[in-house]
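Report on the structure given below.
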Amino acid sequence: MNLPNTSITGVRTFSCFVLCLLSLVVKAQTDPQATKETKALYRNLIKNQGKGVMFGHQDALAYGLNEDGSRWTGGSDKSDVKTISGQHPAVIGWDLGHLELDKPANLDNVPFKEMRRLTIEHYAKGGVITFSWHPNNPLDPSKTTWDKVDFTIRNILNDPAKTDNYKKWLDKLAVFFNSLKDPHGTAVPVIFRPYHEHTGSWFWWGAGHCTPAEYKKFWELTVNYLRKEKQVHHLLIAYSTDSFTSKEHYLERYPGNHFVDLLGFDLYHRNAPASNASFKADFGRMVKTLEEIAAENNKPCIVSEMGIEKVTEADWWTNIVLPVVKDSRLSYFLVWRNGRPDHYYAPYKGQKSEKDFLKMIGTGKVLLLDKTTKLKLYK
């Protein structure tokens, strides 16, 4: 049927409007009841892709290393990165392991009360906060995250009593999350990254201990319970594999776009310097694949954990990391904690890679807290 030109124009205009509307729906944060600050964070993570990659550090505000290698804890407005650069990391990571056991501190001895305070302070400064969770085994709390018990997830899903017991652990997470409020009573938006590195088999939820279908169903149970039953509406949910070989491998256990807000992976550099070239190649390949998957699914992407223990390569930041991340669309990359003199992943005063780290920051491609604040992520 032939239509007048004005009708064709009207149809085209309406079609463009519908397509734009659908695009906004697809890009919407996955919790329809998310707080406005949470939606703003998600929206701005997408908006700022390509404008610089935020630098993150696990437990950065709770403890670190002095120049002589001794350990400091409980510093006032202190972090190892701030000591050498004048600015805190843009992203701070915490872990909730042992919250499910009613312990006063997590598995790395960070008091949950202190974690709450530091989370609220970092949010007030415009920074980003992410939480991982290394829970003990819900079927036998005496067993740790690393005790590889087969069929834990299957038993939780198939036994109502075990399901209820697991939900009691989620109740404790919900209480903690809902306690993260600023002085005005605003819930602090945070990124929650449960059941990570599941392409490996070193955790009880890993690939060797449950089927892809079971993993997906368990993920859905966790997210739905926190949202619908406990009314936690200030979380962005991050899906985070360990190393992967292809898109298909990455997505094998993906629970679906309605249950994931951010796409990420964990990757550690071991056996340097012999492995420098292969690690850099794998890191670049995985970031490129992640960007493709994220673009196809309209999600922000991150490197949720990475690092080289004791940062043994003096030029690791500019030779290995920067070439991969500098022109990427990653929202952030986070290195693991500075736990002790033989277990740290960020430079501290006098550490051999300190100058190289500052050189990376000086490029403007990797952002610390001062640059993140200017992005106004929660507006």
Condition broken by residue 111, with the remaining ones in (1) more than 23 Å from residue 55 (Cα to Cα); (2) in contact with a helix residue (DSSP H, G or I) (Cβ under 7 Å, 6 or more places away or on another chain) satisfied: (2)
Region 78-120 - residue that is among the charged types (D, E, K, R) and touching a residue at least 24 places away in the same chain (Cβ under 8 Å) and, of those, surrounded by the most Cβ atoms within 10 Å (Cβ to Cβ): 80
Pairs where the first residue, in region 284-309, is modelled with pLDDT under 95 and the second is of a type in the set (Val, Ile, Thr), C-beta under 6 Å, 6+ apart: 298/26
Residue selected from region 183-226 under the condition among the β-branched types (Val, Ile, Thr) and farther than 18 Å from residue 266 by Cβ, by the criterion surrounded by the fewest Cβ atoms within 10 Å (Cβ to Cβ): 211
Selected residue [among the aromatic types (Phe, Trp, Tyr), closer than 20 Å to residue 238 by Cα and either outside any helix (DSSP H, G or I) or modelled with pLDDT of 95 or more (or both)] from 265, 357: 265
Unique residue being at pLDDT 95 or above, under 20 Å from the mean Cα position of the chain (by Cα) and among the basic types (Lys, Arg) when the list is 217, 247: 247
Long-range neighbours under 8 Å by Cβ, at least six apart or interchain, first residue over 18 Å from residue 369 (Cβ atoms) and part of a loop (DSSP other than H, G, I, E, B) within region 123-136, second charged (D, E, K, R) and modelled with pLDDT of 95 or more: 133/95; 133/193; 134/95; 135/100; 136/100; 136/143
Candidates 274, 281 - the one that is over 19 Å from residue 89 (Cα atoms), part of a helix (DSSP H, G or I), more than 22 Å from the chain's Cα centre (by Cα) and without any contact (Cβ under 8 Å) to a residue 24 or more places away in the chain: 281
Flag if residue 77 is over 20 Å from residue 167 (Cα atoms), of a type outside the set (A, V, I, L, M, F, W, C) and modelled with pLDDT under 95: yes
Some residue of region 47-59 being assigned to a helix (DSSP H, G or I) and surrounded by fewer than 20 Cβ atoms within 10 Å (Cβ to Cβ): yes
Test: residue in region 238-255 that is over 19 Å from residue 54 (Cβ atoms), touching an Asp or Glu at 6+ places or on another chain (Cβ under 8 Å) and in a helix (DSSP H, G or I): yes
Where residue 304 falls short, out of the listed (1) in a helix (DSSP H, G or I); (2) touching a Lys or Arg at 6+ places or on another chain (Cβ under 8 Å): (1)
Number of positions in region 136-182 that are within 30 Å of residue 117 (Cα to Cα) and of a type outside the set (Val, Ile, Thr): 24
Residue tally, condition touching a residue at least 40 places away in the same chain (Cβ under 8 Å), assigned to a loop (DSSP other than H, G, I, E, B), in contact with a helix residue (DSSP H, G or I) (Cβ under 8 Å, 6 or more places away or on another chain) and not aromatic (Phe, Trp, Tyr), over region 137-158: 4
Qualifying residue in region 163-182 (condition: part of a loop (DSSP other than H, G, I, E, B), out of contact with any Gly (no Cβ under 7 Å at 6 or more places or on another chain) and surrounded by 15 or more Cβ atoms within 10 Å (Cβ to Cβ)): yes
Subset of region 155-190 [among the basic types (Lys, Arg) and out of contact with any Phe, Trp or Tyr (no Cβ under 9 Å at 6 or more places or on another chain)]: 162, 168, 172, 181
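The values are calculated or read from the model by the stated rules, or taken from the named source; none is laboratory data. These numbers come from a predicted model, not from an experiment. Cβ coordinates were reconstructed from backbone atoms using ideal geometry, including for glycine residues, and neighbour counts include every protein chain displayed.
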